[in-house]
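Below is one structure, written out as structure tokens, with a few remarks after it.
The values are calculated or read from the model by the stated rules, or taken from the named source; none is laboratory data. Keep in mind it's a predicted model, so treat the numbers as computed, not measured. Quick reminder, even Gly has a Cβ in these numbers, built from the backbone with ideal geometry, and neighbours come from all protein chains shown. SASA here: full protein model, heavy atoms, side chains in, ligands and nucleic acids out. Shrake-Rupley method; radii C 1.70, N 1.55, O 1.52, S 1.80 Å.
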Amino acid sequence: MTIRIGIPRALLYYRYFPLWLTFFKELGFDVLVSNPSHRELVEEGFRYADDDNCIPIKMAFGHALTLRDQVDFLFVPRLLSLERKSCFCPRTGGLPEMLRYSIPNLPPILDPYVDERHRGSSLSSSFLEMAKRLGIRSIEAKGSLKKAINAYQEFREKSRRGDLNPELISVRRKERFSQDVLEKKIAVVGHPYCLYDPFFNFNALRLIEDSKAILLTQEMVSPEKIDLEIERLGKDIYWTFGREILGAGLHYLHSGQIDGLIYLTCFSCGVDSMIEPLLSHKVKEGGTTLYLCIMVDEHTGAGGMTTRLEAFLETIERRKRFHRTQR
Amino acid sequence: MKLAVPHIGNLNIMLGAIGRLVGPEFVFPPKTSQRTLSLGIKYSPSSTCLPFKFILGNFIEALEKGADTIAMVSDHGPCRVGMYDVVMQQILRDLGFNFTWISMDDTRLWSHYVQRFNKERKKWDVSLLKTLRALHLGWRKLRLCEKVERLAHRVRPLEIERGETTRVELQCLRLIDEAENLKQLQKACDESVYLFDRIKKDSKRRPIKVLITGEGYMVINPHANQEIERKLGEMGVEVTRTVWITQKISHALGLDLFHPRSKRSAIKASKPYLRYNLGGECNSSIGYPILFKKDGYEAAIQLLPLGCMLEAVAKNILVKVSREHDIPILTFSLDENLSETMVMTRLGAFVDLLQKRRERKKIGRRES
Amino acid sequence: MEKRGHQVKGYLGIDVGSVSTDLAVIDQEGRVLCHQYLLTHGQPILAVQKGLKEIQARLPEGVEICGVGTTGSARQLTGILVGADVVKNEITAHAVASIHFYPEVRTVLEIGGQDSKIIIIRDGLVIDFGMNTVCAAGTGSFLDQQALRLNVPIEAFGEYALRSESPVRIAGRCTVFAESDMIHKQQMGCHLNDIIAGLCDALVRNYLNNVAKGKEIRSPIIFQGGVAANQGIRKAFERELGEEILVPQYYHVMGAIGAALLTKEKMDGAETQFKGFVVSEIKCRTLNFICKDCENHCEVVEFIVEEKPISYWGDRCGKWESEIKKGISL
């Protein structure tokens, strides 16, 4: 029987899924990804997760729970740093233990420890070690990892061109382009798990698209441009996503090609609590771009979210119309 | 240069001593008060952690007092303290203050410290000997402050008249602050021991011992943790804490290799529960209660600022440690909304729980 | 006070919370002789005075008060007012009372007006406890607010809830958010019974997710506090936990009984500090001021009786507290 590996559809999955899925599938494992977040799953997670955790972590608890009885192993990678200069939020680093101690009867957890800042814990060495644990020879694992990395890079390249993977969001761009009613460009930034989990953000991205706007995300900004913005800032941001969010946000601001900027964040996110003030400050300095920060917490209801987003989109449209008549 | 630093424990006593002897001139913010916190809350982004709010308040009050330079530590994550510098500078400039900001990077290399030290020394044009002497005095003062704190931890649960220990502690810290040289410091030391000795004590009491662990700023600063050490002491509990400034300095300099209760050994003790070091005080918060159990500390209190990324992980894992090592652990996620009544009720119930536990254990021992 | 033929020793417990003030008198065997429940209305001194008057009227013939204990958020103030022998936090008081009535108890669920707690007991010993954090999720005020909104008296909530056949699911943890969801359900035409039952479910869910997070709930489970009067909540707990929930006879004055039990335990023949029921007649008030003698700037509370300060607290250094050492003689 093939070994079945469960991957919670949570947190870094929304960025690294091509890498993970390809790696395990290439090795011939049966991979089961938990269903997209839904109410019951999330509430079940809240029951087990401590209150001091942020919502995305609590949701990860829910996803792990649904996989509990269906898989032989749970894959919860411990990604501390993938780029030498930056790291991820420490909560993700402690997630395997948090899950293990809070949820009874979990299957064994595969938790490759990846910290590119230190020797001996690089992505390849940790993944090969994990493969060894599953009884895979390292030559085989090496080949799969190579393919996995390629798949990931291809995914990144595609998203950079604006072609977001349907796994993340179903964009109905083509039909829209033909209609020639596109007026506004809206950039959305935030941690990938805030952006691409429609349950978390009450389908905010879809709502923006439906308002006939061009949706831009941080994935569409090249690393070089991000580096440039961060360099101009004069402070090296040490969080991988914080850096990307701020760099992309600033790039869109400075490019002058967007009408609105939205920051999606969750309550008690330590990274966003520092990055958001920096970004919103720059928006104020610039003075022309409309900006909206949406913080989702456990009390946020669909109604409140929609109202705020619609008001924001409305304002942009009115502004555009006003400018047109002025001209 | 009029240099301001945030209030962290008794750091101001050490820096003040160095500043008076060889410079720079320090402008310490007024003692952290309700006003400090109110200012911090008013001007901080609402979702930042409590230390940010306190420290920002300190800086505002120091700038009001005439400081023109701010020194603040910084590091490379993953804790958000490394980002304080940019965000705070931005807020303070928006408020219209003019100042120079010095970020002190968290580098763990000896040579770097020495180089930096030499550069600064030459800038101020003071002899090496004089500088070393000033540093020595500052260090000794800090050590003595912590000795006084430890004395207070031990004596407070035994005091007969409530508040006497706290009064003596304040008096001793003042004596230490006022000492101008090693000789006077020695005198202050003798005087402190004498003063503590003179406190009327009920030596028949056998206080419960509780360890205070958690995020460093919250653990070190009485203003941030609602004076939990004093409150517990007055309930008849002997406390100690996991974070001390001298220990932080020696850890940063790599001088704590052989200390049995160093952060290093606490991280080691946490290994079975959290395999990798995540940074900050996360791992040591987990490891310390295990270490201190050997010293007779039967329970622990974890303090974290609400929203702290690292300590939230520790909190999850401490549940397991508590179960396996039979150490009751009480956690406070502190923010500006946590009322004193709530803290007191919980502390009271926790102490009652520990007392009953001890009685039960005694009975159990007698029976067997 | 008139001297009666004192044969029975009684112990008085007073629990002054932010919403209600409860008093109870027990005898040497721990039996409840009389009890009283009234609303605090934000004026603890007045409430205690009124409560004392009423309990005095109910006190059976021949009972002498041999000790007084106070608990609740205003325990310190009340302690000084009445001359308490024991001043204890309400968690311990509740635990002691539960163990007294149910020696086997392993879990105590307590929901009060402004705060709620869970106490985990094993072998008659408190081993863990939890309390609600700052927000009102999982406390009685959640229901009070919704009752106002629905224009249904809170006392009738249980009745309505029990009549429900399929409770509505109401989301949101805080009152504000639950309210908007509730209005939404009302507009959808849901039945009032089902909405009220849904509110009870929501409260229980919030309680279990917030206050009782990570606690091992084992039976026997005791449910007490003012909200325990609500049968709907009890049923909701039973649904959620799948265990029988016991509501003690004196569910609403358990804190006061606990304080009385603790006092009885401590007194053991010692002389009581109780100032007598006359304190219900005295004129008194509190005054807050900031002491500026040192840079601590403590907020000191001064307790004034007949325009004379008789006690202080709230100072860190103990200077004010020791100003007037031993209470007053009336």
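The table below lists the values:
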quantity: Order by protection proxy (mean Cβ within 10 Å, highest first), peptides A:214-226, B:255-267, B:118-130; calculated: A:214-226, B:255-267, B:118-130
quantity: Pairs from A:25/A:132; B:31/B:315; C:53/C:266; B:209/C:266; C:53/C:283 whose Cα-Cα separation, in the structure shown, is over 20 Å; calculated: B:31/B:315; C:53/C:266; B:209/C:266
quantity: Charge context of residue C:51, other residues only, Cβ under 13 angstrom, K/R +1, D/E -1; calculated: 0
quantity: 0 to 90° range, to nearest 10: angle between helix B:164-178 axis and chain B longest Cα axis; calculated: 20 degrees
quantity: Share, in percent, of DSSP beta bridges within chain B that are antiparallel, nearest 5; calculated: 5 percent
quantity: Accessible area (Å², 1.4 Å probe, nearest 10) - residue B:1; calculated: 100 Å²
quantity: MRE, 222 nm, helices only [DSSP H, n ≥ 4, -39500 (n - 2.57), over the protein assembly as shown, to nearest 500]; calculated: -15000 deg cm²/dmol
quantity: Nitroxide proxy distance, nm - points 7 Å out along Cα→Cβ at residue A:84 and residue A:326; calculated: 4.8 nm
quantity: When each of B:147/B:201; B:123/B:263; B:231/B:361 is checked by Cα-Cα distance, pairs over 23 Å; calculated: B:123/B:263; B:231/B:361
quantity: Cβ-derived FRET efficiency at R0 45 Å, residue A:69 paired with residue B:94, nearest 0.05; calculated: 0.25
quantity: Around residue C:184: net Lys/Arg minus Asp/Glu count, Cβ-Cβ under 15 Å; calculated: 0
quantity: Where C meets B: accessible area buried, both sides, 1.4 Å probe, Å²; calculated: 2200 Å²
quantity: Approximate spin-label separation residue C:58-residue C:104, in nm, with each point projected 7 Å along Cα-to-Cβ; calculated: 3.0 nm
quantity: Calculated FRET value between residue C:306 and residue B:129, using beta carbons and R₀ = 60 Å, to 0.05; calculated: 0.30
quantity: Rounded Å value of the spacing that divides the Cα centres of the stretch C:177-216 and the stretch A:107-130; calculated: 44 Å
quantity: Prolate/oblate/rounded label for the stretch C:22-105 (Cα gyration tensor, a/c 1.5); calculated: oblate
quantity: GluC sites (Glu not before Pro) restricted to DSSP loop in the stretch C:35-71 with at most 16 other C-beta within 10 Å; calculated: C:61
quantity: Shape call, the stretch A:18-87: gyration tensor on alpha carbons, a/c limit 1.5; calculated: oblate
quantity: Chain B: relative contact order as a whole-number percent, Cα under 8 Å and 6+ apart; calculated: 16 percent
quantity: Cross-link pairs beyond the 23 Å C-alpha cut-off, checked among B:53/C:213; A:58/C:213; A:284/B:42; B:141/B:187; calculated: B:53/C:213
quantity: Of the trypsin sites (Lys or Arg not before Pro) in the stretch A:124-169, those whose Cβ has at most 11 other Cβ within 10 Å and which sit in DSSP loop; calculated: A:137, A:161
quantity: Amide proton proximity set for residue C:39, modelled H, under 5 Å, gap of 5+; calculated: C:21
quantity: Cut-off 17 Å, label 7 Å out along Cα→Cβ of residue B:249, residues of the stretch B:128-158 by amide N; calculated: B:129-150
quantity: Rounded accessible area of residue B:69 (nearest 10 Å², 1.4 Å probe); calculated: 10 Å²
quantity: Loop-resident sites, the stretch A:10-51, for GluC sites (Glu not before Pro), counting at most 13 other Cβ within 10 Å (DSSP); calculated: none
quantity: Antiparallel bridge percentage (DSSP; both residues within chain C; nearest 5); calculated: 70 percent
quantity: Shape call, the stretch C:144-268: gyration tensor on alpha carbons, a/c limit 1.5; calculated: prolate
quantity: Percent antiparallel among DSSP beta bridges (both partners in the protein assembly as shown, rounded to 5); calculated: 35 percent
quantity: 12 Å beta-carbon shell around residue B:170, net charge (K/R +1, D/E -1); calculated: 0
quantity: Distance from the stretch C:40-93 to the stretch B:272-320 (C-alpha centre basis), Å; calculated: 40 Å
quantity: Chain C: angle of helix C:140-150 to the longest principal axis, Cα-based, in degrees nearest 10; calculated: 50 degrees
quantity: Label point distance in nm, residue A:132-residue C:244, each placed 7 Å from Cα along Cα→Cβ; calculated: 5.8 nm
quantity: Nearest-0.05 FRET efficiency for residue A:150 and residue B:42, computed from C-beta distance (R0 60 Å); calculated: 0.70
quantity: Cα centroid separation - the stretch B:25-59 against the stretch A:44-87, whole Å; calculated: 34 Å
